[in-house]
Amino acid sequence: MKQDIILAGVGGQGILSIAYVIDNAALADGLFFKQAEVHGMAQRGGAVQSHMRLSSDAIWSDLIPKGEADMILSVEPLEALRYFEYLRPGGIVVTSLTPYRNIPDYPDIDRVLEAVRKAPRSVVVDSEKLAREAGTVKAQNIVLLGAAAGSLILKEASLLATIDALFRGRGAAVLEANLKAFELGKKAALGA
Amino acid sequence: MSHQILLGDEAIALGAVHAGLSAGYSYPGTPASEIMEYLVRLAGETKAFTAVWSVNEKVAYEEALGASFAGKRALVSFKHVGLNVAADPFMNSAVTGANGGLLVVSADDPGMHSSQNEQDSRYYVQFAQIFAYEPSDHQEAYDMAREAFDVSERFGLPVLMRMVTRLAHSRSPVQTREPRGPNELKTGAAKDWTLLPVNARRRFALLLDRQPEMVRFSEESPFNVLKLNESDRSLGVIASGVGYNYFREAMKGEAALPSFLKVSTYPLPESLVRELVGHVDAVLVIEDGYPFIERQLKGLFGIAGKTVLGKLSGAFPVTGELSPDIVRRALGRDPLPAVAASGLPLSGRPPQLCVGCPHADTFKALNKALENYPGSNVFSDIGCYTLGALPPYNAVQTCVCMGASVGMARGASDVGLHPVLSVIGDSTFAHSGITPLLGAAFANTDMTVIVLDNATTAMTGGQPSYGTGERLLRIIEGVGVAKEHIRTIEPLPKNHEKNIQVIKEEIDYRGLSVIVAIRECVQETRKKRS
């Protein structure tokens, strides 16, 4: 059993928090994992990606080879497209539909979403709307984690326990919003 | 025994702590910063050892060497180019030797994710003629860091650990072991540590004498693994560090592996290399960074009757980071089937200054002030503000190394360029900007230095800065800059016109001026609020 996931987005969108939750859930589930991430200059509003590898057997490479990714999980639609060549035939793309426009030549969003839907399987959610509904627009990353949850090889209880551990210290309201964000993401994926 | 999720950098840090570390020193730099971030956090919790962000890498090295001379176990860490800054004490510490175990961690950045070059620290290992480790995964990073202190004390020499970005910034569980306590204080060997020629000659001879023992130690290290395939002698693989992972990844699902040697320590385990090469017709060398092993193997004349493949032969690109895909191709395996690229042209999303960044306001004022000086040059330095070289600012024309902008500005001014400016952050100024300013102040050089004081080391995540606020102004004055030409501005849109005026006035003054642009990094302000 293995699952390779490209996590994508823009610096500051909380990609590393998604990775943190998956890492800890994988540890709780007794899986091997390696998760390569980007630090330093790229975090300043640049494209950010993380290679997340989960497996019941030992893992060699920190990076996912092209054609091995089972999933692209992106907080930004254009960023999801950047890693298509990593996706295996039959792989799934889970992404937000909300563009992050901090570059002058951002393409037409309809064309971006049309390209996303060309993936073998895709789940596109309005993470911004759902995060607001959950109580904080900052929880878009957790909405997307919720949207991906049904396709992950991780136990949902392990994901929820880590979300709890991650946000409990930031107050009951923040924790509540993130748990709700997860639920709303999950529901949206079922309806997608 | 327990499992902890650690970055490769953190695995080294924890390995050092569990080896009885007494003191760690560093200057921030990607991809090494997280080693000291972790040590500072742990030291704050346990109070069991000292962990300090130093003023620069040379100082960090000397602080660690001092702790080692006092008999304690010490660590110094930096990014690869930080070793250039620390090269003087580094090279000489191979001659003095270490007392308490001394681990030097140098993190290379193949592919230049966040660096000015992709120099390979293994050349420094060979240059200084010391022992070194190159881990391929997190567990090795932890285990090697622990062992490195014993090895350092065994040889009486500093030991280096070569990291690369990919492992430094990857997370995985690590199995930890029972910690060892710290060393007792122990001073001593004055004649070894005082490098007068008479002592240095004796010590250098001793260092050379030790080389065969280090090679033997490398040959016996369980971290180096030789596996021969008796039925297929066509190809053998020598792979080091993350290159070994990519080799194993590419061979996944194959019934048999070619003969291979996993190299994890330097000097090279010579007998193992000979055994592998003797066994096969062709050798493929897989290493992230420069073709360090490949070049040694090949020498000037190659190996009679053998083919050596690697970066020099064209089997891999000479520049950039290795990847599983590149290695797969070099091993002659077909690419995996994959989804096609979307076909939509994707513009890049480069890093940029944050919304509300004080540097942006300084650059806007600077550009305006320089409008009527077409022959000007703005030398810049290393930090977030290097992004001022990109649109929409296009405000600076150089980025070479830490502190270079001040010395370079003086050189340009000395040969007649006007106006000449230097733009440097407060932490970089403390790192290496003060000494060149001392010379420029003595000569009253016709140049204008702008110190961007955002009160932190921002680019690497907000480490402390030693030259900020009032202290910074006193340093500038103390260096000898005339008080009336030390000006301060607050880079905010509302002060735009005023700031242009200040910059213009100091450009027109044909001597040395320093303008300090004071406003806190917006990331730090945000952190304090949350």
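The values are calculated or read from the model by the stated rules, or taken from the named source; none is laboratory data. Just so we're clear, the structure is a prediction, and the values are computed from it rather than from any experiment. Neighbour counts run over all protein chains shown; Cβ positions are idealised from the backbone, glycine included.
Counting only helices (runs of 4 or more DSSP H) that sit wholly inside the stretch B:152-268, those with at least 1 residues that are farther than 30 Å from A:His51 by Cα are B:190-193, B:197-209, B:211-220. Elements of the type strands (runs of 3 or more DSSP E) sitting completely within the stretch A:26-140 and holding at least 1 residues that are at the interface with chain B (Cβ under 8 Å from one of its Cβ atoms): these cover A:32-36, A:47-55, A:87-96.
Among the residues of the stretch B:321-341, those identified as touching a residue at least 60 places away in the same chain (Cβ under 8 Å) and not in a helix (DSSP H, G or I) are B:Glu321, B:Leu322, B:Ser323, B:Leu331, B:Arg333.
The sole residue among A:Arg121, A:Arg101, A:Arg117, A:Arg53 that is touching a residue at least 24 places away in the same chain (Cβ under 8 Å) and surrounded by fewer than 24 Cβ atoms within 10 Å (Cβ to Cβ) is A:Arg121. Per this entry, B:Gly416 is counted among residues that are assigned to a loop (DSSP other than H, G, I, E, B), more than 14 Å from chain A (Cβ to nearest Cβ) and over 25 Å from the mean Cα position of the chain (by Cα). Residues in the stretch B:58-78 that are surrounded by 24 or more Cβ atoms within 10 Å (Cβ to Cβ) and of a type outside the set (A, V, I, L, M, F, W, C): B:Tyr61, B:Ser68, B:Lys72, B:Arg73, B:Ser77. Tell me, yes or no, whether the stretch B:351-362 has at least one residue that is within 14 Å of chain A (Cβ to nearest Cβ), touching a residue at least 40 places away in the same chain (Cβ under 8 Å) and touching a Phe, Trp or Tyr at 6+ places or on another chain (Cβ under 7 Å). The answer is yes; a qualifying residue exists. Among the helices (runs of 4 or more DSSP H) confined to the stretch B:423-530, the ones with at least 2 residues that are of a type in the set (D, E, K, R) and exposed (fewer than 14 other Cβ atoms within 10 Å of the Cβ) are located at B:469-479, B:496-508, B:522-529.
Checked against the criterion of being farther than 30 Å from B:Val318 by Cβ and either assigned by TED's automatic domain parsing to the domain that holds B:Met402 or in a loop (DSSP other than H, G, I, E, B) (or both), the stretch B:138-146 contains not a single residue that satisfies it. Residue-level analysis places B:Ser68 outside the set of residues that are polar (S, T, N, Q) and part of a strand (DSSP E or B).
Every residue, every condition in (1) assigned by TED's automatic domain parsing to the domain that holds B:Tyr124; (2) among the aromatic types (Phe, Trp, Tyr); (3) in contact (Cβ under 8 Å) with a residue 24 or more places away in the chain; (4) buried (at least 22 other Cβ atoms within 10 Å of the Cβ), yes or no:
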| residue | (1), (2), (3), (4) |
| --- | --- |
| B:Leu284 | no, no, yes, yes |
| B:Arg295 | no, no, no, no |
| B:Lys298 | no, no, no, no |
| B:Leu312 | no, no, no, no |
| B:Thr319 | no, no, yes, no |
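Looking only at residues of the stretch B:380-418 that are touching a Leu at 6+ places or on another chain (Cβ under 7 Å) and farther than 21 Å from B:Ser114 by Cβ, we find that the one that is surrounded by the most Cβ atoms within 10 Å (Cβ to Cβ) is B:Ala409.
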